[in-house]
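Colleague: Quick one: structure below, then a few questions.
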Amino acid sequence: MLIVDDDSLVLTGIAAMIEDLGHTAIEAHSGAEALDRLASGIDVDVVFTDHAMPAMTGLQLARCIEEQHPGLPVILATGYAELPVDPMSLGILRLAKPCSQYDIAKSIQSVLRSRRRARLRRVGVAE
């Protein structure tokens, strides 16, 4: 799982929670760094990103990921209410900050379940 946040302390804390859930955490301090890591071919099943970052917001990052890596789920963590009301229209699960490890776990389960269903539909397998 790729975790993106410009705040090192938050990044470390989220990565620790995700690792406690049994996932491998790969850290990136910016949207550009995240895109570079994805372009390098690392195996990532979910991107967990903060929204409020300089140079590239989490929503902008999610749009780039959708263009460059279609189907890769993104969880957008934010405490800002001014984001579009329905980021799900972009295939982005929005998670309110601050969030607990339980919230993160439920979000990861949700996006992975949706991704599995989409793969099954593509190959014509009934759920």
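The values are calculated or read from the model by the stated rules, or taken from the named source; none is laboratory data. Worth saying up front: this structure is predicted, and the values here are computed from it rather than measured. Every residue, glycine among them, receives a Cβ derived from its backbone with ideal geometry; neighbour counts consider all protein chains shown. When the accessible area is computed, the model is the full protein with side chains, heavy atoms only, and any ligands, DNA or RNA have been set aside. Shrake-Rupley method; radii C 1.70, N 1.55, O 1.52, S 1.80 Å.
Colleague: Identify, by number, the condition in (1) touching a residue at least 40 places away in the same chain (Cβ under 8 Å); (2) open to solvent by 40 Å² or more (accessible area, probe 1.4 Å) that D5 doesn't meet.
Modeller: (2)
Colleague: Identify, please: which residue in region 34-43 is on the phi < 0 side of the Ramachandran plot and at pLDDT below 95 and is, among those, most open to solvent (accessible area, probe 1.4 Å)?
Modeller: In the first step, residues of region 34-43 are kept if they are on the phi < 0 side of the Ramachandran plot; the result is 34-40, 42-43.
This time we only want the ones that are at pLDDT below 95, so: 42-43.
Numbers: I42: 59, D43: 141 Å².
That would be D43.
Colleague: Okay, moving on. Output the qualifying pairs, or none if there are none: Cβ atoms under 9 angstrom, residues six or more apart or on different chains, first residue in region 88-114 and more than 19 Å from L72 (Cβ to Cβ) and part of a helix (DSSP H, G or I), second residue of a type in the set (F, W, Y) and modelled with pLDDT of 90 or more.
Modeller: Listed by first residue and then by second, the contacts come to nothing, as the list is empty.
Colleague: Return the residues of region 21-33 that are touching a residue at least 24 places away in the same chain (Cβ under 8 Å), assigned to a loop (DSSP other than H, G, I, E, B) and either in contact with a Ser or Thr (Cβ under 8 Å, 6 or more places away or on another chain) or open to solvent by 60 Å² or more (accessible area, probe 1.4 Å) (or both); say none if nothing qualifies. Please lay out each step first, then the result.
Modeller: From region 21-33, those touching a residue at least 24 places away in the same chain (Cβ under 8 Å) are 21, 23, 25-33; that's our starting set.
Right, trim to assigned to a loop (DSSP other than H, G, I, E, B) and you get 21, 23, 25, 29-30.
Listed by number, the residues that qualify are L21, H29.
Colleague: Do we find a residue being modelled with pLDDT under 85, under 16 Å from the mean Cα position of the chain (by Cα) and in a loop (DSSP other than H, G, I, E, B) anywhere in region 58-69? Even if it seems obvious, please write down each step before you answer.
Modeller: Here is the first cut: in region 58-69, the residues modelled with pLDDT under 85 are none.
The answer is no; no qualifying residue exists.
For (1) outside any loop (DSSP other than H, G, I, E, B); (2) free of Cβ contacts under 8 Å to residues at least 12 places away in the same chain, each residue gets a yes or a no:
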| residue | (1), (2) |
| --- | --- |
| V10 | yes, no |
| I14 | yes, no |
| E19 | yes, yes |
| L35 | yes, no |
| I42 | no, no |
| M53 | no, no |
